[in-house]
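Everything on this sheet refers to the single structure shown next.
The values are calculated or read from the model by the stated rules, or taken from the named source; none is laboratory data. If you're wondering where the values come from, they're calculated on a predicted model, not measured in any experiment. Every residue, glycine as well, gets a Cβ built from its backbone with ideal geometry; the counts of neighbours run over all protein chains shown. Remember, those area values only see protein heavy atoms, side chains included, never the ligands or the DNA or RNA. Shrake-Rupley method; radii C 1.70, N 1.55, O 1.52, S 1.80 Å.
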Amino acid sequence: MTTVMLILPEWLIIDSQQTPLRNHGVRILDDKIVDVAANDELSCQYPDDSAVHAQDQVLSPGFVNTHTH
C-alpha cells in the first residue's frame, strides 16, 4: 500500500546554506520527498492527501552528531 502525506509546517529548513522558507512544506510518497512547495500550493495541488498541519513548527533534515572522542 502506498503512503502519501503532506507535512505543512510554518518553517521549512532545506539545508544550512539556504534561508528557511516560511509556510512551505513537503509531499511524501512512501519514504521519499517528492515535492516541496508553499503550503497553500501543496494543499491545492493534492487535496486528497492526508495532511499534518504543523503550525508554529519547523520541519528540518535529521541532524547527525558525528562528534566522537
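Structure data summary
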{"item": "Qualifying positions in the stretch 41-53 - open to solvent by less than 90 Å² (accessible area, probe 1.4 Å), more than 16 Å from Thr2 (Cα to Cα) and over 10 Å from the mean Cα position of the chain (by Cα)", "result": "Leu42, Ser43"}
{"item": "Residues of the stretch 1-12 satisfying the condition of being open to solvent by less than 50 Å² (accessible area, probe 1.4 Å) and farther than 15 Å from Glu41 by Cβ", "result": "Val4, Glu10"}
{"item": "Close pairs from the stretch 42-69: first within 17 Å of Ile28 (Cβ to Cβ) and β-branched (Val, Ile, Thr), partner assigned to a loop (DSSP other than H, G, I, E, B) and open to solvent by less than 100 Å² (accessible area, probe 1.4 Å), Cβ under 9 Å, at least 6 apart", "result": "Val58/Ile13; Val58/Pro20"}
{"item": "Residue in the stretch 13-40 that is least open to solvent (accessible area, probe 1.4 Å), counting only those that are over 18 Å from Gly62 (Cβ atoms) and of a type in the set (Gly, Ala, Ser)", "result": "Ala37"}
